[in-house]
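Take a look at the structure below.
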Amino acid sequence: MATLRSPRHTSGRGYRSDDRRITRSVSPLSIELDKMDPKDIWSRYQKTKEEPIRNYMLEKYLPLVRYNAERICKRLPDEVEIDDLIQAGSFGLREAINGFKPELGIKFETYCAPRIKGAILDELRAMDWVPRLVRSRTSKMEWARQQIEMATG
């Protein structure tokens, strides 16, 4: 059993995440996959759809989820927890892994980033009780109010 230490970081809000220790078992399959070429891993997964391979790829690409969640979280109110965004992004990553076609010749990171971001935004929309149309009209009214204030003083 290996113990990994997660890196400390700041998310732009002035606080540091707790120093969590992530414990995972290192299986013979993960050691084997670490030595393989990524194209071979993808072709093996496409043929077999083995759950351990999918879990290996989820673990490997989880930093992309964290990166996208942190970028989105910077523009949100403090009430939104980054862990909720990471969880939603993980679902997007899982969908990206299941839908990726390596024969198209694009990198997986390029393919999965919009899927992760979309899953996070979908979760944010589901959490919001105000419809998008109302928010859009409110922002237009606010913009018009600011323009009138600037013109009239």
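Starting from the Cα gyration tensor of the range 61-153, take the square roots of the eigenvalues, sort them a ≥ b ≥ c, and report rounded, prolate or oblate (rounded when a/c is under 1.5, otherwise prolate if a/b is larger than b/c, else oblate). Since a/c reaches 1.5 and a/b is larger than b/c, the shape of the range 61-153 is classed as prolate. Length available on full extension from Leu62 to Ile31: 0.36 nm per residue minus the Cα-Cα distance, which gives 9.4 nm. The phi torsions of the range 33-45, fed into the Karplus equation with coefficients 6.51, -1.76 and 1.60 and a -60° offset, translate into couplings of 5, 4, 7, 7, 6, x, 5, 5, 5, 5, 5, 5, 5 Hz, rounded to whole numbers, with Gly and Pro shown as x.
Once the mean of 1/r is taken over each pair of separate Cα atoms and inverted, the range 77-127 shows a Kirkwood hydrodynamic radius of 11.5 Å. Treating r as the C-beta distance of Ser43 and Met141 and R0 as 41 Å, the FRET efficiency rounds to 0.15. The trypsin sites (Lys or Arg not before Pro) of the range 96-143 meeting both criteria, a DSSP state outside H, G, I, E and B (loop) and at most 14 other C-beta atoms within 10 angstrom of the site's C-beta, are Lys107.
Annotation: lysines with alpha-carbon distance below 26 angstrom to Lys47 (same-chain offsets under eight excluded): Lys35, Lys39, Lys60, Lys101, Lys107.
In order along the range 47-60, the phi-based Karplus estimate (6.51 cos²θ - 1.76 cosθ + 1.60, θ = phi - 60°) of 3J(HN,Hα) comes to 6, 9, 6, 5, 5, x, 5, 4, 5, 4, 5, 4, 5, 5 Hz; Gly and Pro are listed as x. Backbone phi angles across the range 88-105, fed through the Karplus curve with coefficients 6.51, -1.76 and 1.60 (θ = phi - 60°), yield HN-Hα couplings of 5, x, 5, 5, x, 5, 5, 5, 5, 5, 5, x, 6, 10, x, 5, 6, x Hz in residue order; Gly and Pro are listed as x.
Bear in mind that the values in this text are calculations on the coordinates, not laboratory data. Since the structure is predicted, the reported quantities are computational estimates derived from the model, not experimental observations. Counting neighbours? That spans all protein chains shown, and the Cβs are built from the backbone with ideal geometry, glycine included.
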